[in-house]
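Data block below; observations after.
The values are calculated or read from the model by the stated rules, or taken from the named source; none is laboratory data. This is a predicted model, so every value here is computed, not measured. All Cβ positions, glycine included, derive from the backbone under ideal geometry; neighbour counts span all protein chains shown.
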Amino acid sequence: MIRLNTSPEIEHYFENDGLLARALPKFEPRAQQVRMACAVYQALLNGRCLVVEAGTGIGKSFAYLIPAIHNLTKSGGKTLISTFTITLQEQLINKDIPALAKVLPQSFSAKLAKGRANYLCLRRLKFALRRGRSLFTRIADELEEINRWSGRTGDGSLSDLPCVPSAEAWDAVRSEHGNCPAARCSHFKDCFWRKARRQLDTADIIIANHALMFSDLVLKNQGHSLLPEYNFVIIDEAHNIETVAQDHFGIDISNGRLGYLLDKLYNSRTKSGLLAYNKRAQRAVGLVETVRTAGRRFFKNVRNWYEQNAQETGGRCYSNFVDDNLSGHLKLLRTELSSLANKADDTDEKYETIRYANLAAELIVDLQNFITQQLSEQVYWIEPGSRKGSAVRLKSAPLNVGEDVRRTLFNVYESVVLTSATLSCDGPRSCLRQEDAGSDFDFLAGRIGLEEFDGLKLGSPFDYQKQVTLYIEKDLPDPNGPDFIDSAAAAIQKYVEKTNGRAFVLFTSYEMLNKVAEKTAAWFGERGFNFLCQGDRFDRGTLLKKFKAHDNSVLFGTDSFWQGVDVPGAALSNVIIAKLPFAVPNHPLVAGRVEQIRQQGGNPFFEYQLPSAIIKFKQGFGRLIRNKTDTGIVAVLDGRIINKRYGQRFLSSIPQCRIEVVAG
């Protein structure tokens, strides 16, 4: 338990005349940063779990990196630092860590961990080139380009490739566990993945993302691993770990996943695929077509079930909701592939065949677990594509991932530190001791299985009273009503004009985004605004580049723009929140969690729906102010924030700023 938040051996780094101030010209001492650094160090030293809510501008990366590095001299243990976004990973590995390496007296090494699929496999590349156009008709030219690059690349990773290959091309040559002959491979000494792994083995600090971390945790629990052993874990952007964890402990099956497996084996339209020129594969080719036919029937039955029951169940399904006419055929195909692999004269062909046999085996397990609902305490549901013939997904997720996270993370490592600017559902008051702040993190702790921990809340050093004006539209129609779209469109135009664009407009659904876009697109065009819409042709990264490239941009975004997006300066001067971000209540996973809380005698709105919405609201609000010179406005078009009693909890969760209530 944090009693005194002081550690002189850490504090001296941050003093006015300390190492950081002397070496970094723009460094400014911040009391909150020192408090966080001391708390992190004490947690690492004493084997405690620590939760730190660190407001924007504290400089939390230095506040956990310096204690982690200093702790190396005390413990000698390796530290894993996990982030959610690539942007933060790049900041740590390319900027923050090199800066500290020049300043700190301790010598240390830090390496970025990438998933194995990010590395080129030389054996698979040579096999793909050898089979050439007979097996990889559409990507032969890309394979030649990758081959030329393979002779000059330093690390063999996808990010080092000067061109962006198609998913099909990279899939044909990427490194994979399931078809790797390891030391028996003729390219073993030159293997890019092995080289990267050896570097991680000797690193003091490993930088990874949440997805890779959870993949490693799951495998370590099964006696395998993706990453070397580590003793301490620091999780930045920790507000995302429940979502990432539920993806790793759930099921995701689609007709696209099945189609990928079958097309790679044999594509009847192009007469290509792994089995196309194997004289022993006639039976396997026939089984591929049998599975394809069974798959069409199976997913048609799933879609029909959804269309008949979705209005009543929201897509949530029960065990054996359709007949499993697919797994049996898949088992026959898998057996035949295994037999072909055993008979293969070509070693590379053998390992490629094993790969697809393993993919079939994984799909069989997932299908049977989904149909019979073998995984307890999970919600199972169907997500159909919007167009005829589009993807149909069978998904499951735990009602609460807490037990899984506790078993694989908190119960295993000496110390786990979680930090983010948005971890609590309460006000931004600073708290220095677990007795003060622990209860503020009850919602987070309950969702992720965190039981014994120290808590620390640190407000932002920025002056929000001077930097931000919050406008609240008091009298707009209810956001769930039919009249809201027209009123919201008019309000958005009004606020966009205030800042001459430079605005994010955040929505909670594509449906509302598209409706408002239809109402406003022509208006934006007439006035010369650079109007960007998520869900159009561009991905998030491209949208951000286009937003920053023009000084009058307006960007309509949904879920992924509420967090992890950093646009400092005048380029973003306006954040418009169309609707308070409550999760869709009839989504099967939300409905299942609500039902569970109700069965346990709780109040699902105040225990789950409201806290989740408050944290997301804080994330959206936090897009505006990224440094101490930023200024701008936030506009909330949802009058419930002041018309409902619970609305005050949204307002009290953000830093105090000027508020103007707009009536009429």
Q) Any chance the stretch 324-334 includes a residue that's in contact with a Lys or Arg (Cβ under 8 Å, 6 or more places away or on another chain), among the charged types (D, E, K, R) and modelled with pLDDT of 95 or more? A) no
Q) Scanning for something within 30 Å of the chain's Cα centre (by Cα), within 29 Å of Y266 (Cβ to Cβ) and touching a residue at least 24 places away in the same chain (Cβ under 8 Å), does the stretch 309-328 turn up at least one residue? A) no
Q) Would a scan of the stretch 349-363 turn up a residue that is under 29 Å from the mean Cα position of the chain (by Cα) and basic (K, R)? A) yes
Q | Given (1) over 30 Å from L80 (Cα atoms); (2) touching a Gly at 6+ places or on another chain (Cβ under 8 Å), index of the condition L275 fails | A | (2)
Q | the stretch 91-122: number of residues that are more than 20 Å from the chain's Cα centre (by Cα) and not β-branched (V, I, T) | A | 20
Q: Kindly provide the set of residues from the stretch 448-464 that are in contact with a strand residue (DSSP E or B) (Cβ under 8 Å, 6 or more places away or on another chain) and assigned to a loop (DSSP other than H, G, I, E, B), ordered by number.
A: L450, F453
Q: Filter the stretch 528-545 for residues that are touching a Ser or Thr at 6+ places or on another chain (Cβ under 7 Å) and either under 16 Å from D566 (Cβ atoms) or surrounded by fewer than 19 Cβ atoms within 10 Å (Cβ to Cβ) (or both) and give the result.
A: N530, R540
Q: Provide a single number: the residues in the stretch 127-183 that are assigned to a loop (DSSP other than H, G, I, E, B) and more than 30 Å from the chain's Cα centre (by Cα).
A: 4
(Q) Tell me yes or no: at least one residue of the stretch 279-293 is among the polar types (S, T, N, Q) and modelled with pLDDT under 95. (A) yes
Q: Return a yes/no flag: does the stretch 612-633 have any residue that is on the phi > 0 side of the Ramachandran plot and not basic (K, R).
A: yes
Q: Give the residue that is nearest to A140 (Cα to Cα), with candidates limited to residues of the stretch 249-278 that are at pLDDT below 90 and of a type in the set (S, T, N, Q).
A: S272
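Just checking, which of D216, D171, D236 is among the acidic types (D, E) and surrounded by fewer than 20 Cβ atoms within 10 Å (Cβ to Cβ)? If you could, list the steps in order and put the result at the bottom.
Values: D216 fails: surrounded by fewer than 20 Cβ atoms within 10 Å (Cβ to Cβ); D236 fails: surrounded by fewer than 20 Cβ atoms within 10 Å (Cβ to Cβ).
Just one listed residue meets the conditions, D171.
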(Q) Looking at F621, F617, F582, F606 in this structure, which one is surrounded by fewer than 19 Cβ atoms within 10 Å (Cβ to Cβ) and among the aromatic types (F, W, Y)? (A) F606
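Listed residues A39, A21; which is free of Cβ contacts under 8 Å to residues at least 24 places away in the same chain and small (G, A, S)?
Working: A39 fails: free of Cβ contacts under 8 Å to residues at least 24 places away in the same chain.
Among A39, A21, only A21 is free of Cβ contacts under 8 Å to residues at least 24 places away in the same chain and small (G, A, S).
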Q) What's the number of the condition T408 fails, among (1) within 29 Å of N221 (Cα to Cα); (2) of a type in the set (V, I, T); (3) out of contact with any helix residue (DSSP H, G or I) (no Cβ under 6 Å at 6 or more places or on another chain)? A) (3)
Q | Residue satisfying all of: in the stretch 1-32; of a type in the set (A, V, I, L, M, F, W, C) and within 16 Å of N46 (Cβ to Cβ); modelled with the lowest pLDDT among these | A | M1
Q: For the stretch 358-406, name all the residues that are in contact with a Leu (Cβ under 8 Å, 6 or more places away or on another chain), in a helix (DSSP H, G or I) and surrounded by fewer than 16 Cβ atoms within 10 Å (Cβ to Cβ).
A: R406
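If you check P8, P29, which single one turns out to be more than 15 Å from G455 (Cα to Cα) and either without any contact (Cβ under 8 Å) to a residue 12 or more places away in the chain or hydroxyl-bearing (S, T, Y) (or both)? Talk me through it step by step, then tell me what you get.
Numbers: P29 fails: either without any contact (Cβ under 8 Å) to a residue 12 or more places away in the chain or hydroxyl-bearing (S, T, Y) (or both).
The unique qualifying residue is P8.
Those residues that are of a type in the set (A, V, I, L, M, F, W, C) and crowded, with 20+ Cβ neighbours inside 10 Å, I need them from the stretch 262-301; list them, please. Step through it out loud before you land on a result.
So in the stretch 262-301, the residues of a type in the set (A, V, I, L, M, F, W, C) come out as 262, 265, 274-276, 281, 284-285, 287-288, 291, 294, 298-299.
L262, L265, L274, L275, A281, A284, L287, V288, V291, F298, F299 - these are the residues of the stretch 262-301 that are of a type in the set (A, V, I, L, M, F, W, C) and crowded, with 20+ Cβ neighbours inside 10 Å.
Conditions (1) over 19 Å from N231 (Cβ atoms); (2) among the acidic types (D, E), marked per residue:
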position	(1), (2)
D17	yes, yes
K26	yes, no
P29	yes, no
Q32	yes, no
N46	no, no
G57	yes, no
S61	yes, no
A68	no, no
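Take G47 and decide whether it is under 30 Å from D442 (Cα atoms), more than 25 Å from the chain's Cα centre (by Cα) and either assigned by TED's automatic domain parsing to the domain that holds K628 or touching a residue at least 24 places away in the same chain (Cβ under 8 Å) (or both). Don't jump to the end; show me each part of the working.
Numbers: under 30 Å from D442 (Cα atoms): yes; more than 25 Å from the chain's Cα centre (by Cα): yes; either assigned by TED's automatic domain parsing to the domain that holds K628 or touching a residue at least 24 places away in the same chain (Cβ under 8 Å) (or both): yes.
Taking the combined requirement at face value, the residue satisfies it.
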Q) Hey, which of the helices (runs of 4 or more DSSP H) in the stretch 184-258, taking only ones fully inside, have at least 3 residues that are under 22 Å from A68 (Cβ atoms)? A) 192-202, 210-221
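Any residue that is among the aromatic types (F, W, Y), touching a strand residue (DSSP E or B) at 6+ places or on another chain (Cβ under 6 Å) and touching a residue at least 40 places away in the same chain (Cβ under 8 Å) - is there at least one of those in the stretch 64-74?
Pass one, the stretch 64-74, residues among the aromatic types (F, W, Y): 64.
From the residues that got through so far, the ones that are touching a strand residue (DSSP E or B) at 6+ places or on another chain (Cβ under 6 Å) too are 64.
Pick out the ones that are also touching a residue at least 40 places away in the same chain (Cβ under 8 Å) and you get 64.
Yes, the stretch 64-74 contains at least one residue that is among the aromatic types (F, W, Y), touching a strand residue (DSSP E or B) at 6+ places or on another chain (Cβ under 6 Å) and touching a residue at least 40 places away in the same chain (Cβ under 8 Å).
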Q. Under the condition of being surrounded by fewer than 24 Cβ atoms within 10 Å (Cβ to Cβ) and hydrophobic (A, V, I, L, M, F, W, C), which residue from the stretch 493-514 is farthest from N530 (Cα to Cα)?
A. M512
Q.
Quick check on this structure: which one of K60, K74 is buried (at least 21 other Cβ atoms within 10 Å of the Cβ) and closer than 24 Å to I206 by Cα?
A. K60
(Q) Restricting to the stretch 300-353, name every residue that is outside any helix (DSSP H, G or I) and of a type in the set (K, R). (A) R316
Q: Kindly indicate which of I81, I66 is among the hydrophobic types (A, V, I, L, M, F, W, C), in the same structural domain as D440 (by TED's automatic domain parsing) and closer than 30 Å to S560 by Cβ.
A: I81
Q | Residues located in the stretch 179-209, provided they are among the small types (G, A, S) and farther than 30 Å from E237 by Cβ | A | A182, A183, S186
